[in-house]
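A short write-up of the structure that comes next.
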Amino acid sequence: MIDIFTEIIRINGEDELYKLDKACEAIKEGQVVAIPTETVYGLGANAFSSDSAKKIYEVKGRPSDNPLIVHIAEKQDAKEIASYLPESFYKLADAFWPGPLTMIVKKSEKIPYTVTAGLDTVGIRMPDNECTRYLIRKSGCPVAAPSANISGTVSATDAKYVYDDFNGKIPYIIDSGSSKIGLESTVINLTLTPPVILRPGRITLEEIREYIPDAVYHDSLIEEEEEVINPASPGMKYKHYSPSCPVVLIKGGLSTAERYILDKIEDNEAVLYFSEQKKIAHITPDFCLGSYGSLSKCAELVFSHLRAADKAGYKKIYITGVPEKGLGLSIMNRLKKSAGENAVQLRDIVFVCTGNTCRSPMAEFILKSYNIPDMYVKSRGLDVCCSSGMAFNSQKALKDNDIPFSDFHSSQLTYGDVADADKVYTMTDSQRRIIISAFPEFKDKILTLKENSDIADPYMHSMDFYQVTFDEIRAAIEKRFKDEL
Ligand code: AMP
Ligand code: MG
């Protein structure tokens with residue numbers, strides 16, 4: 001393909017929309033123009049023209065069996081694109097359009113099979129962006145567009161990233177600033193009963209269910225899928241969101257991931273971090289994803305930071321995984337694809353006793369001595385008034401049994417310890433119940449170390465008692481972790 005001159009048309013307000021008229025002419029002539037939307041930037045062309053759509057696939061390097069989304073300016077434009085619009089379409093359009101929701105319906109004859117990659121269905125969306133809707137209106141046709149990135153790479157959320165990928169390949173890039181949402185649209189197939197979400201986005205299943213109570217996520221979005229063998233949406237099967245350097249996705253809690261990154265990080269590696277992860281914030285301070293507690297900033301910035309880190313030449317990018325619910329499920333859907341095989345599942349094991357001086361420190365060092373890969377082990381107390389060292393007899397029991405241990409200070413159990421933990425093991429059932437009553441949302445991961453019985457407190461007892469406690473704890477750990485030791 002011969003390189004052409006690529007002009008970036010910057011629009012700063014509605015009074016500058018007239019500057020887009022030459023881009024509208026280009027669309028009418030069958031060319032491809034990059035368009036801004038609130039989700040990500042798109043690579044748009046006339047959706048009624050098969051030749052125009054073909055150009056999109058060529059420029060993007062997109063496999064021809066991965067359909068394009070058709071963008072419209074007004075809700076009523078959908079009637080020309082679909083052969084039938086179900087009631088659910090009107091409900092969702094009223095609730096979410098203009099906005100980040102793509103609805104799949106039966107296509108009309110006006111939409112060529114090039115756009116739908118041979119399917120009889122078509123994805124339609126009305127974006128919340130004045131420039132793009134002006135372009136659609138003025139061009140006189142709906143605009144088919146996939147995300148504006150070379151196939152397989154990270155979606156572009158800013159005109160400068162579109163330029164990096166398509167300079168010399170398309171005549172115009174419309175620049176209206178960074179995409180506010182930052183993740184591609186939620187895609188829902190309304191031709192299925194019940195309607196199925198094929199791609200999660202800013203609009204979550206919970207929000208959709210307020211209008212369509214029986215809507216569901218596609219199985220592949222909620223199961224730990226190894227490989228999508230029969231993808232419901234053709235786009236699901238391709239490599240996606242991959243910068244040129246590896247992305248390491250660390251699953252298993254904020255502070256556990258923070259410790260892992262500090263252990264592993266080398267020169268010239270980047271960290272996309274959450275504001276709560278203060279110990280790793282200094283590594284690449286520009287790449288903050290906002291708070292782990294509210295993920296909309298993370299959604300907005302994650303693609304942009306991935307691209308910026310890649311462009312800056314870092315040789316690896318670390319990022320902490322988020323809980324897979326609501327918007328977190330949509331973010332993880334992208335990050336898992338981005339990391340591919342480089343996803344690490346960390347486990348954070350917490351042993352709890354009363355004072356964190358006798359039983360739980362022994363448990364901590366016994367389990368640590370097995371060096372189970374990607375496992376972090378700590379111990380905490382329910383009633384630690386002032387931090388002290390490990391009981392002398394506990395230290396002696398560890399020494400007598402050749403278990404190495406380091407400098408130790410007792411600490412009080414916190415909400416964060418429980419939230420981050422993979423499992424919390426208590427010495428007694430009453431300790432288990434106390435933690436559950438304080439943090440009921442985590443009840444499933446709080447267990448007694450020994451099934452069905454307590455490990456008695458050796459405090460103030462003889463050394464023989466401590467040795468018995470040690471043996472009891474070690475036997476219980478060996479039972480709990482028998483497949484990994
Ligand atoms: P992109 O615009 O690059 O983010 O990709 C559009 C996404 O929408 C892809 O994952 C497509 O597979 C999906 N999509 C578009 N049209 C349809 C359709 N008719 N049926 C199923 N999935 C679709
Ligand atoms: Mg895409």
Report the dimensions of the range 12-73 along its three principal axes from the alpha-carbon atoms, largest first, rounded to Å. 39, 26, 19
Nearest 10 degrees, 0 to 90: helix 87-96 Cα axis against the chain principal axis: 70 degrees
Based on the Cβ-Cβ distance of Q76 and N401, what FRET efficiency does E = 1/(1 + (r/R0)^6) give at R0 = 56 Å, to the nearest 0.05? 0.15
Taking every Cα atom in the range 407-485, find the radius of gyration and the maximum pairwise distance Dmax, and write them in Å. 13.8, 39
By a straight-distance test (C-alpha under 21 Å), which lysines pair with K482 as possible cross-link partners, with residues fewer than eight away in the same chain excluded? K368, K378, K423, K445, K450
Accessible area (Å², 1.4 Å probe, nearest 10) - M390: 20 Å²
Only helices counted: for the chain, with every DSSP H run of 4 or more residues adding -39500 (n - 2.57) and the sum spread over all residues, [θ] at 222 nm is -9000 deg cm²/dmol
Quote the FRET efficiency, to the nearest 0.05, computed for T191 versus N342 with a Förster distance R0 of 30 Å and r equal to the Cβ-Cβ distance. 0.25
Explain nothing, just the number: dipole magnitude of the range 427-470 about its Cα centre with +1 on each Lys and Arg Cβ and -1 on each Asp and Glu Cβ, in debye rounded to the nearest 20. 140 debye
For the pair D21 and A419, the simple spin-label estimate (label points 7 Å beyond Cα toward Cβ) gives in nm 5.5 nm
On each of the three principal axes of the Cα atoms of the chain, give max minus min coordinate, whole Å, ordered largest first. 90, 48, 39
Along each of the three principal axes of the Cα atoms of the range 6-131, give the extent in whole Å, ordering the values from largest to smallest. 39, 32, 21
How far is helix 130-139 tilted off the main Cα axis of the chain, in degrees rounded to 10, range 0 to 90? 30 degrees
Using only the alpha-carbon atoms, how far is helix 254-264 inclined from the longest principal axis of the chain? Give it as 0 to 90 degrees, nearest 10. 90 degrees
Computed lengthening from T6 to I283, 0.36 nm per intervening residue step minus Cα-Cα distance: 96.1 nm
Express the accessible area of the range 251-304 per residue in Å², computed with a 1.4 Å probe while the remaining protein chains stay in the model. 44 Å²
Rounded to a whole number, what % of the accessible area of the chain do carbon and sulfur atoms account for, probe 1.4 Å? 50 percent
Once you've got the Cα coordinates, tell me which of K180/K336; K110/K160; K180/K315 are over 31 Å apart. K110/K160
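The values are calculated or read from the model by the stated rules, or taken from the named source; none is laboratory data. Bear in mind that the values here come from a model prediction, so they are computed numbers and not experimental data. Cβ atoms come from the backbone with ideal geometry, glycine included; neighbour counts cover every protein chain shown. What goes into the accessible areas is simple: the full protein's heavy atoms, side chains included, and nothing from ligands, DNA or RNA. Shrake-Rupley method; radii C 1.70, N 1.55, O 1.52, S 1.80 Å.
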